Amino acid sequence: MRAFRKALDFPLIQDGLRHTAATFHFAYYGDAAETAALVGEGLGDEVALITDGRFSGATHGLMVGHVAPEAARGGPIAAVRDGDVIEVDVDARELRLLLSDDEIAARLADVVVPPARYTKGVFARYAAGVSSASEGAVLL
């Protein structure tokens with residue numbers, strides 16, 4: 001498992017390196033193009049992707065998106081680090097970070113949420129007031 005926080009953090013893809021049977025985890029993405037990056041590098045059949053981001057179009061292979069609650073909302077996806085194991089139960093529609101509840105809580109306590117990309121205007125208002133995607137991403 002490789003854990004990434006922003007698109008430019010994944011040199012494995014950009015440098016053309018191949019890590020078969022790898023899982024890539026992206027947090028704090030929102031709408032992102034990480035699936036297209038993986039598929040574009042020919043890794044769609046070789047790796048899995050788990051993200052709180054949204055995607056469409058280039059999805060191919062094991063891609064788990066729209067994970068909620070999102071990292072920016074304190075969801076457990078924010079606690080994932082390199083080397084962690086995430087169990088994917090497709091039938092139950094569940095992800096399990098295979099750590100103790102105490103370890104997840106300790107990691108989440110140390111999480112620093114990245115600053116908002118927009119500080120004024122309609123995007124700032126939306127980011128500050130939108131509900132989780134699991135609740136419809138409705139502006140409250």
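Only the coordinates and a few stated rules stand behind these numbers; no lab work does. Just so we're clear, the structure is a prediction, and the values are computed from it rather than from any experiment.
Annotation: amide H of residue 64 within the under-5 Å range of 49, 50, 51, sequence separation 5 or more or interchain, hydrogens built in the peptide plane. Between rounded, prolate and oblate, where does the stretch 46-140 land on the alpha carbon gyration tensor, with a ≥ b ≥ c its root eigenvalues, rounded for a/c under 1.5, else prolate if a/b exceeds b/c? Because a/c hits 1.5 or more and a/b fails to exceed b/c, the stretch 46-140 counts as oblate.
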